[in-house]
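Undergrad: Mind having a look at this structure? Questions to follow.
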Amino acid sequence: KSRAFELWTEAAELGSTRALARMADSCYSGKEVKQDKAKALRHWELAAMQGDARSRHSLGFVEYDNGDHDRAVRHFFISAGMGYNESHKAIKHIFEIGHVTKQQYTEGLKEYQHAVEEMKSHERE
(Lines give C-alpha, C1' and ligand atoms only; values in the text may rest on other atoms or scores of the structure.)
Protein backbone atom coordinates (compact mmCIF):
# COMPACT_ATOMS: atom_id res chain seq x y z
CA LYS A 1 0.00 0.00 0.00
CA SER A 2 1.13 3.51 -0.66
CA ARG A 3 1.42 6.15 2.03
CA ALA A 4 -1.49 8.00 0.39
CA PHE A 5 -3.73 4.97 0.70
CA GLU A 6 -2.76 4.56 4.36
CA LEU A 7 -3.68 8.19 5.03
CA TRP A 8 -6.99 7.82 3.20
CA THR A 9 -7.72 4.76 5.31
CA GLU A 10 -7.09 6.72 8.50
CA ALA A 11 -9.23 9.60 7.27
CA ALA A 12 -12.04 7.22 6.26
CA GLU A 13 -11.95 5.68 9.74
CA LEU A 14 -12.44 9.21 11.10
CA GLY A 15 -15.51 9.66 8.89
CA SER A 16 -14.20 11.23 5.68
CA THR A 17 -16.39 10.29 2.73
CA ARG A 18 -13.89 11.94 0.40
CA ALA A 19 -11.20 9.54 1.66
CA LEU A 20 -13.53 6.57 1.07
CA ALA A 21 -14.08 7.79 -2.48
CA ARG A 22 -10.33 8.12 -3.08
CA MET A 23 -9.79 4.62 -1.71
CA ALA A 24 -12.48 3.33 -4.08
CA ASP A 25 -10.90 5.10 -7.04
CA SER A 26 -7.52 3.55 -6.21
CA CYS A 27 -8.94 0.07 -5.73
CA TYR A 28 -10.87 0.30 -8.99
CA SER A 29 -7.95 1.61 -11.06
CA GLY A 30 -5.17 -0.33 -9.37
CA LYS A 31 -3.22 2.85 -8.59
CA GLU A 32 -1.73 3.09 -5.11
CA VAL A 33 -2.91 -0.50 -4.33
CA LYS A 34 -3.54 -3.78 -6.12
CA GLN A 35 -6.69 -3.59 -8.25
CA ASP A 36 -9.74 -4.89 -6.41
CA LYS A 37 -13.02 -3.85 -8.02
CA ALA A 38 -15.18 -5.55 -5.38
CA LYS A 39 -13.46 -3.55 -2.66
CA ALA A 40 -13.84 -0.40 -4.76
CA LEU A 41 -17.58 -0.97 -4.97
CA ARG A 42 -17.82 -1.42 -1.20
CA HIS A 43 -15.96 1.85 -0.60
CA TRP A 44 -18.11 3.74 -3.12
CA GLU A 45 -21.27 2.26 -1.58
CA LEU A 46 -20.23 3.38 1.90
CA ALA A 47 -19.36 6.86 0.68
CA ALA A 48 -22.59 7.09 -1.34
CA MET A 49 -24.66 6.06 1.69
CA GLN A 50 -22.95 8.88 3.60
CA GLY A 51 -24.01 11.39 0.94
CA ASP A 52 -21.06 11.54 -1.47
CA ALA A 53 -22.56 12.40 -4.87
CA ARG A 54 -19.40 11.56 -6.82
CA SER A 55 -19.31 8.06 -5.34
CA ARG A 56 -22.98 7.57 -6.22
CA HIS A 57 -22.11 8.68 -9.77
CA SER A 58 -19.23 6.18 -9.91
CA LEU A 59 -21.60 3.39 -8.88
CA GLY A 60 -23.86 4.44 -11.73
CA PHE A 61 -21.07 4.09 -14.25
CA VAL A 62 -20.11 0.67 -12.97
CA GLU A 63 -23.74 -0.49 -13.20
CA TYR A 64 -24.05 0.98 -16.68
CA ASP A 65 -20.87 -0.76 -17.83
CA ASN A 66 -22.25 -4.01 -16.38
CA GLY A 67 -25.41 -3.60 -18.46
CA ASP A 68 -27.81 -2.74 -15.63
CA HIS A 69 -29.08 0.51 -17.11
CA ASP A 70 -32.06 0.85 -14.74
CA ARG A 71 -29.87 0.63 -11.68
CA ALA A 72 -27.31 2.98 -13.25
CA VAL A 73 -29.99 5.55 -13.97
CA ARG A 74 -31.22 5.40 -10.35
CA HIS A 75 -27.69 6.16 -9.13
CA PHE A 76 -27.37 9.02 -11.64
CA PHE A 77 -30.74 10.47 -10.60
CA ILE A 78 -29.73 10.46 -6.95
CA SER A 79 -26.40 12.16 -7.56
CA ALA A 80 -27.92 14.62 -10.05
CA GLY A 81 -30.50 15.45 -7.38
CA MET A 82 -27.55 16.32 -5.14
CA GLY A 83 -26.34 18.77 -7.78
CA TYR A 84 -23.64 16.61 -9.34
CA ASN A 85 -23.31 17.90 -12.90
CA GLU A 86 -21.55 14.83 -14.32
CA SER A 87 -24.60 12.72 -13.41
CA HIS A 88 -26.86 15.20 -15.13
CA LYS A 89 -24.71 14.84 -18.25
CA ALA A 90 -24.83 11.04 -17.97
CA ILE A 91 -28.65 11.08 -17.74
CA LYS A 92 -28.80 13.32 -20.81
CA HIS A 93 -26.53 10.95 -22.74
CA ILE A 94 -28.52 7.89 -21.69
CA PHE A 95 -31.73 9.69 -22.72
CA GLU A 96 -30.22 10.50 -26.13
CA ILE A 97 -29.44 6.83 -26.78
CA GLY A 98 -32.89 5.72 -25.62
CA HIS A 99 -32.28 4.13 -22.21
CA VAL A 100 -34.25 6.81 -20.32
CA THR A 101 -37.75 8.06 -21.13
CA LYS A 102 -38.44 11.73 -21.76
CA GLN A 103 -40.44 11.85 -18.52
CA GLN A 104 -37.54 10.36 -16.55
CA TYR A 105 -35.12 12.80 -18.15
CA THR A 106 -37.39 15.76 -17.38
CA GLU A 107 -37.78 14.67 -13.73
CA GLY A 108 -34.03 14.20 -13.38
CA LEU A 109 -33.37 17.62 -14.91
CA LYS A 110 -35.83 19.26 -12.51
CA GLU A 111 -34.17 17.58 -9.50
CA TYR A 112 -30.73 18.65 -10.70
CA GLN A 113 -31.86 22.25 -11.29
CA HIS A 114 -33.53 22.36 -7.89
CA ALA A 115 -30.35 21.14 -6.19
CA VAL A 116 -28.25 23.73 -8.03
CA GLU A 117 -30.68 26.50 -7.03
CA GLU A 118 -30.57 25.32 -3.41
CA MET A 119 -26.78 25.47 -3.43
CA LYS A 120 -26.83 28.98 -4.91
CA SER A 121 -29.31 30.24 -2.31
CA HIS A 122 -27.17 28.78 0.51
CA GLU A 123 -24.11 30.49 -0.94
CA ARG A 124 -25.93 33.87 -0.80
CA GLU A 125 -26.70 33.54 2.92
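Undergrad: Per the Kirkwood treatment, what hydrodynamic radius in Å, one decimal, follows for the range 49-96 from the mean inverse distance over all distinct Cα pairs?
TA: The answer is 10.1 Å.
Undergrad: What list of ³J(HN,Hα) values in whole Hz, one per residue of the range 47-59 in order, does the Karplus curve 6.51 cos²θ - 1.76 cosθ + 1.60 (θ = phi - 60°) give from phi, with Gly and Pro shown as x?
TA: Result, rounded to whole Hz: 5, 5, 5, 8, x, 7, 5, 5, 5, 4, 4, 4, 4.
Undergrad: Within the accessible area of the chain, what % is carbon and sulfur when the probe is 1.4 Å and the other protein chains stay in place?
TA: C and S atoms contribute 50 percent here.
Undergrad: Follow-up. I'd like the FRET efficiency for Asn66 and Glu10, computed as 1/(1 + (r/R0)^6) with the beta carbon distance as r and R0 of 41 Å, rounded to 0.05.
TA: It comes out at approximately 0.85.
Undergrad: With a 1.4 Å probe and every protein chain left in place, work out the accessible area per residue of the chain in Å², rounded to a whole number.
TA: Value for the chain: 61 Å² per residue.
Undergrad: Please check: in the Gaussian network model of the chain (C-alpha springs, under 10 Å), which one of Ser58, Ser29, Ser79 has the largest mean-square fluctuation.
TA: The residue with the greatest mean-square fluctuation here is Ser29.
Undergrad: Test of understanding: what is the full-extension gain from Arg74 to His114, defined as 0.36 nm times their sequence separation minus their Cα-Cα distance?
TA: 12.7 nm
Undergrad: Using the Cα atoms of the chain to build a convex hull, what is its mean projected area in square nanometres?
TA: Taking the Cα atoms of the chain, their convex hull projects to 8.4 nm² on average.
Undergrad: Follow-up. Packing-wise, with mean Cβ within 10 Å as the measure, how do 16-24, 103-111 rank, highest first?
TA: 16-24, 103-111
Undergrad: Who wins for biggest fluctuation among Phe95, Phe61, Phe76 in a Gaussian network model of the chain, springs between alpha carbons below 10 Å?
TA: The residue with the greatest mean-square fluctuation here is Phe95.
The values are calculated or read from the model by the stated rules, or taken from the named source; none is laboratory data. Since the model is a prediction, treat every value here as computed from it, not as a measurement. For neighbour counting, all protein chains shown are included, and Cβ atoms are generated from backbone atoms with ideal geometry for every residue, glycine included. Heads up: the accessible areas ignore ligands, DNA and RNA and are worked out on the full protein's heavy atoms, side chains in. Shrake-Rupley method; radii C 1.70, N 1.55, O 1.52, S 1.80 Å.
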